[in-house]
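The values are calculated or read from the model by the stated rules, or taken from the named source; none is laboratory data. Because the structure is a prediction, the values reported are computed rather than measured. Because the Cβ atoms are built from the backbone with ideal geometry, glycine has one as well, and the counts that use them run over all protein chains shown.
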C-alpha cells in the first residue's frame with residue numbers, strides 16, 4: 001500500500017479518530033447492504049397491511065394512488081436519506097448536523113421515532129414466538145373450544161376440507177362443544193347469529209390466552225410467559241447486531257431471504273386450495289369509484305411512508321456504511337421495486353388462503369378479512385387450522401412472521417446504536433464498547449416493553465402504534481428533509497455530491513420532487529388529516545382519561561425536536577446556522593448550490609479555494625481493502 005492510500009481511507013472517519021477509537025466500519029460487500037435494506041423495508045406491513053388496504057380501497061385501483069405516492073414521495077425521500085448517509089458517512093443525527101447544523105433536530109426527531117419502534121414493534125415478535133411454540137401442539141390450541149380459557153360463547157366450526165369423514169352419513173358429532181349433530185350445529189349457529197354473541201376459538205385464544213385483557217384501566221400484572229417470549233426476542237436481536245455490521249451483514253443473508261421462501265410455500269399452497277380464485281378476485285377486483293375518495297389516497301401515502309421506512313434515520317445509518325463510490329441510486333431503485341412487488345405478492349398469498357377459508361366455511365370473504373394483528377393472529381391462524389397438517393402450516397407461517405419482523409427490529413436497533421456512536425465517537429467507538437452499548441439499548445427497551453405484555457398491554461400497544469410513528473409526524477419530517485436538502489443545502493450541490501459518488505447525475509425528476517412535489521404532497525396530506533379528524537382522537541375501546549394526554553406526548557415528542565434544535569443552534573452559533581461541514585467533499589465549490597430553469601437561485605456559499613485538493617482524493621475514498 002502506498003503512502004497516499006493511507007490518507008482518507010473509507011473505513012475511517014473523515015476526521016482524525018480519537019486515540020484508541022476504532023475506524024468506522026464498512027459493508028464487506030454490496031449484497032450485505034442490499035439485504036440489510038431489504039430486511040428493514042420489507043416487514044410485517046407488507047403482509048398484514050398492504051393486502052388489506054388494497055381490497056378495502058378499490059382492489060387493483062389502489063395501485064394507482066399507491067404508485068403516485070411511491071414515485072413522487074417514497075422513492076425521492078428513500079434515495080435522499082440513503083445518499084445522505086453514504087455521502088456523509090454519518091448516522092441519522094450527525095449527517096444532518098454536517099450538511100445543515102440548524103436542522104440537526106430533524107435527525108433527533110427521526111431517532112425518537114426509532115425509539116418508539118424499538119420498544120413496541122418487538123412485542124409483535126413476542127406474540128409470534130408464543131404462537132410458534134403453540135403451533136407444535138396437535139390439535140392447535142386455538143382451533144378448539146375445550147380449553148381452560150374458552151367461554152360458553154365459543155363456537156368452532158368444522159372444516160369439510162380438513163375433515164371430510166365427519167360429513168359422511170351416520171357420523172357422530174357428540175365431540176363438538178354443546179352440540180350432538182350436524183343439524184344442531186346449523187341450528188345453534190343460526191340462533192347465535194341473531195340472538196347471542198358468538199366468538200371463535202381463535203378470537204378467544206388471542207384475547208383470553210395471549211393478551212388476557214383486563215377490563216380495568218390499570219395495566220395489571222405482567223404475563224410471565226409473554227415476558228419470556230419478549231426476552232427471547234431481545235436475546236436473538238442482540239446477538240444479530242452486537243458486533244456491529246460484521247454480524248449484521250452476515251445474519252441478513254438468512255433473515256432477509258428465509259421469509260421469501262416461507263411466503264412462496266404459503267402462496268403455492270394457497271392458490272391450490274378451493275376458493276382461492278374468489279379470494280384473489282376479491283383482492284384485485286378494481287373499483288374505479290374509489291379514486292375520488294381522498295381517504296384512499298391518504299391510505300396509499302401512509303402505506304408508502306411506513307413501508308419504505310423513511311424519516312426514521314435507518315436508511316441514513318445503513319447507507320453510511322457504504323463505500324463512497326457505491327451506486328446507491330441503482331440500489332435504491334431496485335429495493336423500491338422489490339418492496340412494492342413483495343407487497344403485491346404477499347396479497348396473493350394472504351387472500352388465496354382467506355378465499356379458501358370463506359369457501360370452506362360458506363361465509364362471505366368480507367367477514368374474514370382483517371389487517372394488522374387481527375390478520376396475523378386471528379384470521380390467518382383460523383384458515384390454517386382448517387387445513388390437513390395444520391400444525392405444519394402454522395409453524396411455517398409464524399416462522400415467516402418472526403423473521404419478517406426480526407430483521408426490521410434489529411436494523412432499527414442498529415440505527416439507534418449508529419446514531420449514538422457517531423454522536424460520541426471518542427467514547428463509543430472503542431474496543432468492547434459497542435457490545436455494551438447495544439446491550440444497554442436492549443435492556444432499556446426490554447424494560448420499557450414490559451407494560452406491553454400486561455393485562456392492559458394491548459391498549460398501550462394500540463396507542464403507541466397509532467400515535468408514535470404517526471402519519472403526520474412522518475409527513476412533517478419528510479417535508480422538512482426535502483426542503484433542507486433542496487432549498488438550504490442546495491439541490492444542485494447535492495446532485496454534484498451524488499455525481500461524485502456514483503459517476504453520473506440521477507434523473508432530474510428527483511430534484512423537482514425534492515423542491516416542490518414531495519413537500520407539497522406532504523403538506524396537503526397533513527392538512528387533510530387535520531381537517532378530517534382530530535389528530536389525537538382516541539377510540540372508545542381505550543379506557544381512561546390519560547389516553548389523550550399520552551397521544552399528545554407521543555406525537556409532540558419527535559416534532560418538537562425540530563424547532564427546539566433550531567433555537568439551540570441560534571443560541572450556540574448564530575453565524576453558522578446553514579454552513580455545511582468542511583469535512584464534506586465538494587467537487588465544484590464555486591458552482592451555485594441551486595438553480596432553476598438555468599436561473600441561479602442561490603450562489604455558491606463556499607470559497608473556491610476551500611479544499612482545492614479534494615478532486616485528487618476521490619479514489620482515496622475507496623475502501624482500502626480494494627486497493
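When you look at residue 115, is it surrounded by fewer than 23 Cβ atoms within 10 Å (Cβ to Cβ), in a helix (DSSP H, G or I) and assigned by TED's automatic domain parsing to the domain that holds residue 485, yes or no? Talk me through it step by step, then tell me what you get.
Working: surrounded by fewer than 23 Cβ atoms within 10 Å (Cβ to Cβ): yes; in a helix (DSSP H, G or I): yes; assigned by TED's automatic domain parsing to the domain that holds residue 485: yes.
When the stated conditions are applied, residue 115 passes them.
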Checklist line | Residue among 436, 401, 441 that is in contact with a helix residue (DSSP H, G or I) (Cβ under 7 Å, 6 or more places away or on another chain), under 30 Å from residue 108 (Cβ atoms) and at pLDDT 90 or above | finding: 441
Notebook entry, point to check: Applying the selection to the range 126-140, what residues are in a loop (DSSP other than H, G, I, E, B) and crowded, with 20+ Cβ neighbours inside 10 Å?
Noted result: 135, 140
Next item on the list: Filter the range 560-594 for residues that are within 22 Å of residue 479 (Cβ to Cβ) and either at pLDDT below 90 or outside any helix (DSSP H, G or I) (or both) and give the result.
Entry: 560, 577, 578, 580, 593, 594
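Just to confirm my filter: which helices (runs of 4 or more DSSP H) fall fully inside the range 26-82 and include at least 3 residues that are within 29 Å of residue 484 (Cα to Cα)? Reasoning before the result, please.
Details: elements: 30-41, 44-48, 50-56, 63-69.
Once the helices (runs of 4 or more DSSP H) in the range 26-82 are filtered for at least 3 residues that are within 29 Å of residue 484 (Cα to Cα), what remains is 30-41, 63-69.
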Notebook entry, point to check: Could you list, in sequence order, the residues of the range 359-377 that are buried (at least 18 other Cβ atoms within 10 Å of the Cβ) and in a helix (DSSP H, G or I)?
Noted result: 359, 360, 361, 365, 373, 375, 376, 377
Note to self: residue 441 - would you say it is crowded, with 23+ Cβ neighbours inside 10 Å and either in the same structural domain as residue 556 (by TED's automatic domain parsing) or within 16 Å of residue 413 (Cα to Cα) (or both)?
What the structure shows: no
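Would you please name the residue that is nearest to residue 316 (Cα to Cα), looking only at residues in the range 409-431 that are touching a residue at least 12 places away in the same chain (Cβ under 8 Å) and assigned to a loop (DSSP other than H, G, I, E, B)? It would help to see each step written out before you state the result.
The initial filter retains those residues of the range 409-431 that are touching a residue at least 12 places away in the same chain (Cβ under 8 Å), namely 409-423, 425-426, 429-431.
Applying the additional criterion that residues be assigned to a loop (DSSP other than H, G, I, E, B) yields 429-431.
Working: 429: 18, 430: 22, 431: 24 Å.
Here the answer is 429.
Residue 434: surrounded by fewer than 22 Cβ atoms within 10 Å (Cβ to Cβ) and not in a helix (DSSP H, G or I), yes or no? Don't jump to the end; show me each part of the working.
On the way: surrounded by fewer than 22 Cβ atoms within 10 Å (Cβ to Cβ): yes; not in a helix (DSSP H, G or I): no.
Against the criterion (surrounded by fewer than 22 Cβ atoms within 10 Å (Cβ to Cβ) and not in a helix (DSSP H, G or I)), residue 434 does not qualify.
Yes/no matrix, rows are residues, columns are (1) touching a residue at least 40 places away in the same chain (Cβ under 8 Å); (2) under 22 Å from the mean Cα position of the chain (by Cα); (3) part of a helix (DSSP H, G or I):
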residue: 262; (1), (2), (3): yes, yes, yes
residue: 265; (1), (2), (3): yes, no, yes
residue: 268; (1), (2), (3): no, no, yes
residue: 274; (1), (2), (3): yes, no, no
residue: 278; (1), (2), (3): yes, no, yes
residue: 289; (1), (2), (3): yes, no, yes
residue: 296; (1), (2), (3): yes, yes, yes
residue: 303; (1), (2), (3): yes, yes, yes
residue: 323; (1), (2), (3): yes, no, no
Notebook entry, point to check: Within the set of pairs 6 or more residues apart or between chains, which connect a residue that is not assigned by TED's automatic domain parsing to the domain that holds residue 411 and outside any helix (DSSP H, G or I) inside the range 237-259 to a residue that is modelled with pLDDT of 95 or more and crowded, with 22+ Cβ neighbours inside 10 Å with Cβ atoms less than 9 Å apart?
Noted result: none
Item checked: Output for the range 281-326, where each listed residue is surrounded by fewer than 18 Cβ atoms within 10 Å (Cβ to Cβ) and over 22 Å from residue 354 (Cβ atoms) -> 288, 289, 291, 292, 293, 294, 295
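Take the residues in the range 83-104 that are touching a helix residue (DSSP H, G or I) at 6+ places or on another chain (Cβ under 7 Å) and in a loop (DSSP other than H, G, I, E, B); name whichever of them is surrounded by the fewest Cβ atoms within 10 Å (Cβ to Cβ).
At the first step, the residues of the range 83-104 found to be touching a helix residue (DSSP H, G or I) at 6+ places or on another chain (Cβ under 7 Å) are 83-88, 90-104.
Checking the rest, the ones that are also in a loop (DSSP other than H, G, I, E, B) come to 90-93, 100.
On the way: 90: 31, 91: 30, 92: 32, 93: 25, 100: 19.
Filtering the range 83-104 for residues that are touching a helix residue (DSSP H, G or I) at 6+ places or on another chain (Cβ under 7 Å) and in a loop (DSSP other than H, G, I, E, B), the one surrounded by the fewest Cβ atoms within 10 Å (Cβ to Cβ) comes out as 100.
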Next item on the list: Would you confirm whether any residue within the range 226-238 is over 30 Å from residue 208 (Cα atoms) and surrounded by fewer than 23 Cβ atoms within 10 Å (Cβ to Cβ)?
Entry: yes
